[in-house]
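J.: Take this structure first; my questions come after.
The values are calculated or read from the model by the stated rules, or taken from the named source; none is laboratory data. The model shown is predicted, which means the values in this text are computed figures rather than measured ones. Cβ sites come from the backbone with ideal geometry, for glycine too, and all protein chains shown count toward neighbours. Accessible surface is based on the protein model in full, side chains and every heavy atom, while ligands, DNA and RNA are left aside. Shrake-Rupley method; radii C 1.70, N 1.55, O 1.52, S 1.80 Å.
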Amino acid sequence: EPNAGHTALAELGSLVPRLTLVTQNVDGMHQRAGSRDVIEFHGNIFTNRCFSDGRIIEATGDDGVPTCPDCGAYVRPGVVWFGEPIPEDALHASFAAAADCDVFLSVGTSSLVYPAAGLGDVAREAGAVTIEVNSNPTGQSDSYTASLRGNAGFVLPKLVESLAH
């Protein structure tokens with residue numbers, strides 16, 4: 001189930017004019033918590049992808065083995081596996097959102113793996129206030145406008161509560 005951090009981000013979306021949520025999570029929790037404009041950077045485990053051409057599909061298969069309805073290839077989870085490129089639409093939309101934001105929150109990530117780790121740099125270069133929410137410092141902590149230490153499920157509800165009043 002979505003945790004308090006997921007719920008707080010969904011609530012934040014109702015308090016600000018625009019909130020684009022870029023997630024590296026593949027579990028759909030942000031949508032289940034009520035967030036609307038979600039970019040799934042690494043895909044979604046609950047979708048199916050054709051092994052042959054990589055398209056997201058509705059799988060079929062009478063014998064229990066899911067296959068692509070168009071080409072008959074086997075089906076795999078709709079997530080990015082290690083070494084695979086980020087889907088172009090998610091990559092472009094994420095970097096466009098970072099370049100066009102006033103405030104950028106980096107929540108619960110190591111900020112080590114690119115290209116996602118570069119989103120904060122893009123936002124900062126575009127003049128955004130950048131805030132890191134993380135239990136531990138990262139290699140990029142010093143480059144953020146502010147760093148809030150703690151678990152997202154604790155910090156984000158308090159942050160949203162302070163904005164709601």
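J.: Å³ per residue of the Cα convex hull, for segment 1-61?
T.: 92
J.: Next question, about the same structure. Please report the equivalent ellipsoid semi-axes of segment 75-149, computed as sqrt(5 x eigenvalue) of the Cα gyration tensor, largest first, in whole Å. The partial results should precede the final answer.
T.: Working: eigenvalues 111, 51, 17 Å².
Over the Cα atoms of segment 75-149, the ellipsoid semi-axes are 24, 16, 9 Å.
J.: Still on this model: At a 1.4 Å probe, what is the % contribution of carbon and sulfur to the accessible area of segment 105-152?
T.: 53
J.: Now for a different question. If I compute solvent accessible area with a 1.4 Å probe over the protein chains, what percent of it on segment 36-98 is carbon and sulfur?
T.: For segment 36-98, the apolar C and S fraction of the accessible surface comes to 56 percent.
J.: For the residue pair A117 and V16, what label-to-label distance in nm results when each label sits 7 Å from Cα along the Cα-to-beta-carbon direction?
T.: So the two model labels end up 2.4 nm from each other.
J.: Can you give the net charge of the other residues whose Cβ lies under 15 Å from the Cβ of C50, counting K and R as +1 and D and E as -1?
T.: Residues close to C50 contribute a combined charge of -1.
J.: Just the accessible area per residue of the chain, please: how many Å² with a 1.4 Å probe?
T.: Accessible area per residue: 57 Å².
J.: Here's another thing I want to ask about it. Measure off 7 Å from each Cα along the Cα-to-Cβ vector at D100 and N136, then give the distance between these two points in nanometres to one decimal.
T.: About 3.6 nm, to one decimal.
J.: I need the fraction of alpha carbon pairs in the chain separated by more than 27 Å, rounded to a whole percent.
T.: On the way: 4054 of 13530 pairs.
Distances greater than 27 Å cover 30 percent of the Cα pairs.
J.: Next up: If you stretched the chain out fully between A164 and N151, how much longer would it get, using 0.36 nm times the residue separation minus the C-alpha to C-alpha distance?
T.: Computed gain between A164 and N151 is 2.7 nm.
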